[in-house]
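Report on the following structure.
The values are calculated or read from the model by the stated rules, or taken from the named source; none is laboratory data. No experiment lies behind these values; they were computed from the predicted model shown. Glycine gets a Cβ as well: all are built from the backbone with ideal geometry, and neighbour counts include every protein chain shown. Accessible surface is based on the protein model in full, side chains and every heavy atom, while ligands, DNA and RNA are left aside. Shrake-Rupley method; radii C 1.70, N 1.55, O 1.52, S 1.80 Å.
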Amino acid sequence: MKLYNVLSIGLIAAAAVNAYTFERLEKNNTVLLVVDHQVGLTQLVRDFAPTEFRNNVLAHAALGNLFSLPTILTTSAETGPNGPLPREIIEMHPQAPYIQRNGEVNAWDNAEFRAAVEATGKQQVVLAGIVADVCTAFLALSLREAGYSVWANTDASGTFTPKLAEDANRRMEQAGVHLMGTFAIATDLMRDWRNTPGSAEVLPFLDQYLPAYGVTARAHGGAVENGTLIPGELELI
């Protein structure tokens, strides 16, 4: 093979490697979807502990108020065994569109829900639902097909088994869905602790819904307020 052919192939390969564009969440271009987080369906979730998952679901819904995102709530056949949304979510978003689907499994198949999403004018979608391989994945794939950029909150999308969650995540990822947890979504929307919302708003959110980071902030605050070091601490920092 001639040298210039080798060089051409190398340049093409290098260009392909460098073609990636890091798509970031823009809070002014994002809509939050709360999909089928119904009290009956919650009992199907086995890949999270119940307390952890309940907290994650509430954290997902709270992102809307934290970042002033248009938020849309939807349920599937809630008068049956799937049940209603938790009252805490409804109380968080009393003015949000609340689409109670009578039969459609995929929320995108419901004309009222689809119109509510389109009416926001946003092109980036953050969503989570129960179960991950149906309510989250079906909608995420439909949104991708419709041209939206989609972020699936894996913290707040649960299903019967970890294997099914892995299958759903792989299917979504292959379609270009971004898979992220609540902390990553919140910090990407925030971008900078000095922004608004920034540390003053986001730290209380994390303290409530992500106690691990809340404890970190509390420990730092307590240390600064107390203003003392015990022997051995100075050598650790």
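For ASN106, state whether it is in contact with an Asp or Glu (Cβ under 6 Å, 6 or more places away or on another chain), surrounded by fewer than 20 Cβ atoms within 10 Å (Cβ to Cβ) and of a type outside the set (Gly, Ala, Ser).
No; evaluated as a whole, the condition is false for this residue.
Please verify whether region 197-212 includes one or more residues that are over 24 Å from VAL126 (Cβ atoms) and modelled with pLDDT under 95.
Within region 197-212 (the criterion being over 24 Å from VAL126 (Cβ atoms) and modelled with pLDDT under 95), the answer is no, since none of the residues qualifies.
What are the residues in region 135-173 that are small (Gly, Ala, Ser) and part of a helix (DSSP H, G or I), if any? Working first, answer last.
In the first step, residues of region 135-173 are kept if they are small (Gly, Ala, Ser); the result is 137, 140, 142, 146-147, 149, 152, 156-158, 165, 168.
Those that are small (Gly, Ala, Ser) and part of a helix (DSSP H, G or I): ALA137, ALA140, SER142, ALA156, ALA165, ALA168.
Report the residue count in region 102-125 for those that are closer than 19 Å to VAL150 by Cβ and without any contact (Cβ under 8 Å) to a residue 60 or more places away in the chain.
Residues in region 102-125 being closer than 19 Å to VAL150 by Cβ and without any contact (Cβ under 8 Å) to a residue 60 or more places away in the chain: 13 in total.
With ALA156, ALA175 as the choices, which residue is modelled with pLDDT of 95 or more and either more than 12 Å from the chain's Cα centre (by Cα) or among the charged types (D, E, K, R) (or both)?
Answer to the check: ALA175.
Looking at region 131-167, which of its residues are of a type outside the set (Asp, Glu) and farther than 22 Å from LEU58 by Cα?
Passing the criteria: LEU141, SER142, LEU143, ARG144, ALA146, GLY147, TYR148, SER149, LYS163, LEU164.
I need a count of the residues in region 34-61 that are closer than 21 Å to MET190 by Cβ, surrounded by fewer than 23 Cβ atoms within 10 Å (Cβ to Cβ) and not polar (S, T, N, Q).
Residues that pass the stated criteria total 1.
Residues are listed down the side, and each one gets a yes or a no for (1) open to solvent by 20 Å² or more (accessible area, probe 1.4 Å); (2) at positive phi:
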position	(1), (2)
GLU112	yes, no
ALA132	no, no
ALA140	no, no
GLY147	yes, yes
ASN153	no, no
SER157	no, no
MET172	no, no
LEU189	no, no
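Would you confirm whether any residue within region 62-76 is without any contact (Cβ under 8 Å) to a residue 24 or more places away in the chain and either within 16 Å of the chain's Cα centre (by Cα) or open to solvent by less than 10 Å² (accessible area, probe 1.4 Å) (or both)?
Within region 62-76, none of the residues are without any contact (Cβ under 8 Å) to a residue 24 or more places away in the chain and either within 16 Å of the chain's Cα centre (by Cα) or open to solvent by less than 10 Å² (accessible area, probe 1.4 Å) (or both).
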